[in-house]
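See structure below.
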Amino acid sequence: MTLPAKTVCVLGNSHMAAFVTASDQWAARWPEMRFIPFGAHGKSLECYRVEEGALVSDDAEARARLLALTGQDRLDLAGIDAFVVTGLQFSIFAPVRVFNQVSSMALPSVAGHRDAVERNRPLTSGALTEAYCRERLRATLGYRLARDLAQAGAAPVFLASQPRPAVSAREQGYKFAGFTRLHERGDGIWLSQEYDRIARRICRAAGVRYLAQPPRTIRDGLFTKYKFMRGSLRLAKAGNIRHPVDDVIHANADFARLMIDQLAAALDLSIVPAE
Amino acid sequence: MKNPYSDLAPSAFWKTGVVQTDKTLWPDLFVPKFAIEPETRVATAGSCFAQRIRQALADQNMPILDVEPAPEALQEDLAREFGYGLHSARYGNIYTPRQLLELLQDVQTGTVREELIWQRKGRFFDMLRPNVEPDGCASVREVLELRRLHLARLRGLFETTDVFVFTLGLTEAWLHGPTGRCLPVAPGVIAGEYDPGTYRFHNFSHSELLKDLKAIRATLRQFHKKIKIILTTSPVPITATASGDHVLNASTYTKSTLRSVAGEMAMRFNNVDYFPGYEIVTTWARDGMAYQDNLRSIRPEVVADVMAVFLDAYGLRDTQDSARRDAEDPAPAEDPEYLDGQEDDLVCEESLIEALQK
């Protein structure tokens, strides 16, 4: 007997596209889940707030963008069984930025204060780097939106980690130099674990459940394997528009499928493998 | 008939110098011995009140040295919680001359001691600046490495400082018996545990303070021959005394002794000056209360007056800018919430003692 489907609202920016694609492509895999998207490119959701049981905005431009992409410009929270917030800067980029400015004794590459000084990354305490990472992650739109949704209602809220950049980001020079430096120093795997630990902790404190990037999609801690990035689609009403081949930010539907599997497991809903 | 007072300036007489004078600008109250130019490299240290001096100078875009700046994107509140931006380095508040002297000696010798670490709930704290890491460190090694870096940074600070402003805060201190080191805060307040066999109370005398300040001057000159020193005395009464005396007597002893020794240093040495911020706050000649309801915290407008006298004496105050700020934001002096929030503005280990009162 099939149970009535749970309505899962996926909120986000361009990273939402992978979830939308996966939920269309493998709808039969999650028979107890029905997905509805709510989001738009960039920081459109920044203009939204929770008010009287709905996500609303006074910004006409933002509303128009959401209406064009999702068919609605406000979201009634009632009747939604779970929320998944994707992208919106909640990512490993935040701790990577922190650890390119400062270092701590916890980093595998740091043996003492001299290492840190020579590499122009002042040594700070692990407590400070953690607080700093927490602060950066809490400042993201993804975190703030998830927190506000959690405060607003009884439905569980999940915050999905934005994918780590593709391995090929290392070839893109200065834009990802921070990732490359940490990788070359051998700090990638430690930083990856630290990011997930801190993300899980701040989410728990906000009443939000953290969806980490699946380990099998990760390479060297800081990067996403190519097979989970290749062929990623843009967030567009027309659908099926690919990101440029040199895009290293957006994951594909294969990646999102694994994320949705985690979500289904967390909600104790069935996953039906393809025959 | 001529007498030694007949040709003295109005500022030498109580009637003209105090009763009839402008009690906001206090003309001639502070005539500096040496100049501070806009490009002079100034460093600050001392008790909580020293943070005010640093802020006032920073507000005038003075090049206040900071050898341990906060990471670029760290929010100000979090940075302050971790001891950034309070002084010219993350040494926390330095309440006594002995504390500063021992720090300078550590910088010279690179001494870092494992015995000077406190524990709390499995975390480790640098006894000599426990408040700069509110959550402590993960290991003894982390404390030691952070201290080594701190000392290395301080060497750079003292070698480049032209004017060192030191605010004297306390005569009472706790000494760590095994090392003899002077601590910024009593054991058990932030971390550690008070054990009478390990820690002893000491109330510095005038002669001890004078000796320490002379040694500080000599040591600073070893880092930078031409360094100049401005001493001030914090007008904030002590939070509590462990001397056995009444806190009012103890506070009066502390402040008067610190004021006296600072004055003696300024009288003896050309490169040492005394700034009378203490006098401006504590004089009964002022119009209106200097202190807030707790009779410890200084009202923000009084702090502003003090700093205006300091800046005017050096010709550093941007009065147009100040007037503009005042016009834009008239609330601070009036709004009780603003006043209530002022204490949080400073990071003060000493005031933590009060919170632990039974």
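The values are calculated or read from the model by the stated rules, or taken from the named source; none is laboratory data. Just so we're clear, the structure is a prediction, and the values are computed from it rather than from any experiment. All Cβ positions, even for glycine, are placed from backbone atoms using ideal geometry, and neighbour counts span all protein chains on display.
Worth a mention:
- Residue in the stretch B:134-150 that is in contact with a strand residue (DSSP E or B) (Cβ under 6 Å, 6 or more places away or on another chain), surrounded by fewer than 18 Cβ atoms within 10 Å (Cβ to Cβ), among the hydrophobic types (A, V, I, L, M, F, W, C) and not in a strand (DSSP E or B) present: yes
- Of the candidates A:GLY207, A:GLY231, the single residue that is assigned to a loop (DSSP other than H, G, I, E, B), out of contact with any Pro (no Cβ under 8 Å at 6 or more places or on another chain) and farther than 27 Å from A:ARG147 by Cα is A:GLY231.
- Counted residues, the stretch B:11-23 - those being more than 17 Å from B:VAL309 (Cβ to Cβ) and either surrounded by 12 or more Cβ atoms within 10 Å (Cβ to Cβ) or in contact with a strand residue (DSSP E or B) (Cβ under 9 Å, 6 or more places away or on another chain) (or both): 2
- Taking the numbered list (1) buried (at least 21 other Cβ atoms within 10 Å of the Cβ); (2) modelled with pLDDT of 95 or more in turn, A:MET105 passes all entries but (2).
- Matching entry among B:ARG148, B:ARG153, B:ARG120 (being touching a residue at least 12 places away in the same chain (Cβ under 8 Å), more than 12 Å from chain A (Cβ to nearest Cβ) and basic (Lys, Arg)): B:ARG120
- Cβ-Cβ under 6 Å pairs, at least 6 apart or on other chains, the stretch A:97-114 side more than 9 Å from chain B (Cβ to nearest Cβ), far side surrounded by fewer than 16 Cβ atoms within 10 Å (Cβ to Cβ): A:PRO108/A:GLY186; A:SER109/A:GLY186
- Just one of the listed residues (B:ASP28, B:ASP7) is in a loop (DSSP other than H, G, I, E, B) and touching a Gly at 6+ places or on another chain (Cβ under 8 Å), namely B:ASP28.
- Consider the stretch B:211-237 and keep the residues that are part of a loop (DSSP other than H, G, I, E, B) and in contact with a strand residue (DSSP E or B) (Cβ under 7 Å, 6 or more places away or on another chain). The one that is surrounded by the most Cβ atoms within 10 Å (Cβ to Cβ) is B:SER234.
- Long-range neighbours under 6 Å by Cβ, at least six apart or interchain, first residue within 9 Å of chain A (Cβ to nearest Cβ) and farther than 15 Å from B:HIS150 by Cα within the stretch B:67-88, second hydroxyl-bearing (Ser, Thr, Tyr) and surrounded by 18 or more Cβ atoms within 10 Å (Cβ to Cβ): B:LEU74/A:TYR132
- Residue within the stretch B:41-52 that is surrounded by 16 or more Cβ atoms within 10 Å (Cβ to Cβ) and more than 19 Å from the chain's Cα centre (by Cα) present: no
- Per-region count, the stretch B:281-311, residues modelled with pLDDT of 90 or more, closer than 15 Å to B:TRP26 by Cα and more than 20 Å from the chain's Cα centre (by Cα): 2
- Entirely in the stretch A:1-88, the strands (runs of 3 or more DSSP E) that have 2 or more residues that are of a type outside the set (A, V, I, L, M, F, W, C): A:6-12, A:33-39, A:48-51
- Residue selected from the stretch B:71-100 under the condition surrounded by fewer than 22 Cβ atoms within 10 Å (Cβ to Cβ) and of a type in the set (A, V, I, L, M, F, W, C), by the criterion farthest from the chain's Cα centre (by Cα): B:ALA73
- Applying the criterion of being surrounded by 20 or more Cβ atoms within 10 Å (Cβ to Cβ) and assigned to a loop (DSSP other than H, G, I, E, B) to the residues of the stretch B:156-181, the residue that is nearest to the other protein chains (Cβ to nearest Cβ) is B:THR161.
- Selection count, the stretch B:123-145, where residues are in contact (Cβ under 8 Å) with a residue 60 or more places away in the chain and more than 9 Å from chain A (Cβ to nearest Cβ): 4
- Taken across the stretch A:130-146, residues that are within 14 Å of another protein chain (Cβ to nearest Cβ), farther than 22 Å from A:ILE249 by Cβ, assigned to a helix (DSSP H, G or I) and of a type in the set (A, V, I, L, M, F, W, C) do occur, with at least one present.
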